[in-house]
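Below is one structure, written out as structure tokens, with a few remarks after it.
The values are calculated or read from the model by the stated rules, or taken from the named source; none is laboratory data. Only a predicted model underlies this, so the values are computations on that prediction, with no experimental measurement involved. When we count neighbours, we look across all protein chains shown, and the Cβ atoms used for this are built from the backbone with ideal geometry, even at glycine.
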Amino acid sequence: MKKNLLISLKLTLVMVILCAVIYPLLIAVVGKATPGNGKGKTISVNGKVVGYELVGQKFTDDKYFQGRPSAVDYNAAASAGSNKGPSNPDYLKVVQDRIDTFLVHNPGIKKEEIPAEMLTASGSGLDPDISPASAYVQVKRIAVKRNIPDDKLRALIEGQIQKPWFGPAKINVLKLNIALDKMSG
């Protein structure tokens with residue numbers, strides 16, 4: 001019994017050193033070797049950090065492109081989905097409220113034209129990207145608010161589309177809005 005206890009204590013000590021010291025140090029070293037030195041890839045405008053490339057932000061002003069809704073109100077410390085399904089009446093009410101809000105802010109758009117991603121939160125609640133269709137459906141609103149021709153906004157969107165090796169095309173909303181501000185002067 002004493003022999004087994006001693007072996008268990010040695011194994012526990014080795015695992016504590018391995019899991020609580022060596023592994024976290026290894027992860028910290030790998031993080032320091034990544035873009036942003038393990039603090040995330042920031043986006044700067046005129047030397048000032050305005051956001052993170054992989055974390056969505058809330059844009060409420062109608063003169064900006066808006067991203068997907070967030071189940072956590074874009075709080076990166078509380079990343080999560082709502083975990084409510086299409087049979088949940090509370091979820092259906094939230095989606096209907098999002099449809100109503102979208103239609104109020106985007107007059108002339110029909111309910112059927114709204115991409116589903118503009119009505120549903122991402123799994124993390126922090127998705128920084130939207131599809132090109134979600135950007136195009138917002139063009140009329142932004143054209144009116146900023147007095148920019150539709151075709152110039154469509155060209156701006158085309159220039160921001162990222163086409164990954166796998167998966168659908170996407171647009172980073174923060175980068176798109178930064179380019180929009182530059183276009184507007």
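Tabulated data
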quantity: Any chance SER44 is closer than 30 Å to ILE178 by Cβ, among the small types (Gly, Ala, Ser) and touching a residue at least 40 places away in the same chain (Cβ under 8 Å); calculated: no
quantity: Enumeration of residues in region 66-115 that are within 25 Å of GLY51 (Cα to Cα), of a type outside the set (Gly, Ala, Ser) and at pLDDT below 90; calculated: VAL72, ASP73, TYR74, ASN75
quantity: Given (1) in contact with a helix residue (DSSP H, G or I) (Cβ under 6 Å, 6 or more places away or on another chain); (2) at positive phi; (3) in contact (Cβ under 8 Å) with a residue 24 or more places away in the chain, index of the condition GLY38 fails; calculated: (3)
quantity: Long-range neighbours under 8 Å by Cβ, at least six apart or interchain, first residue surrounded by 15 or more Cβ atoms within 10 Å (Cβ to Cβ) within region 128-154, second of a type in the set (Phe, Trp, Tyr) and outside any helix (DSSP H, G or I); calculated: PRO128/TYR52; ILE130/PHE65; ALA135/PHE65; GLN138/PHE65; ILE142/TYR64; ILE142/PHE65
quantity: LYS2 vs. criteria closer than 30 Å to ASN177 by Cα and either of a type in the set (S, T, N, Q) or free of Cβ contacts under 8 Å to residues at least 24 places away in the same chain (or both); calculated: no
quantity: Hits in region 119-138 - residues which are at pLDDT below 95 and hydrophobic (A, V, I, L, M, F, W, C); calculated: LEU119, ALA121, LEU126
quantity: Some residue of region 36-55 being in contact with a Pro (Cβ under 9 Å, 6 or more places away or on another chain), within 30 Å of ILE171 (Cα to Cα) and among the aliphatic types (A, V, I, L, M); calculated: yes
quantity: Hits in region 56-66 - residues which are of a type outside the set (Phe, Trp, Tyr) and surrounded by fewer than 17 Cβ atoms within 10 Å (Cβ to Cβ); calculated: LYS58, THR60, ASP61, ASP62, LYS63
quantity: Residue under evaluation SER70, criteria (1) in contact (Cβ under 8 Å) with a residue 60 or more places away in the chain; (2) surrounded by 13 or more Cβ atoms within 10 Å (Cβ to Cβ); (3) touching an Asp or Glu at 6+ places or on another chain (Cβ under 9 Å), criterion not met; calculated: (1)
quantity: Hits in region 5-40 (condition: closer than 30 Å to GLU53 by Cβ and basic (Lys, Arg)); calculated: LYS32, LYS39
quantity: Filter result for GLY159 (among the small types (Gly, Ala, Ser) and modelled with pLDDT under 95); calculated: no
quantity: Scope region 160-182; condition polar (S, T, N, Q) and touching a residue at least 40 places away in the same chain (Cβ under 8 Å); matching residues; calculated: ASN172, ASN177
quantity: Criterion (out of contact with any Cys (no Cβ under 8 Å at 6 or more places or on another chain), farther than 30 Å from GLN138 by Cβ and not small (Gly, Ala, Ser)) met by exactly one of VAL72, VAL21; calculated: VAL21
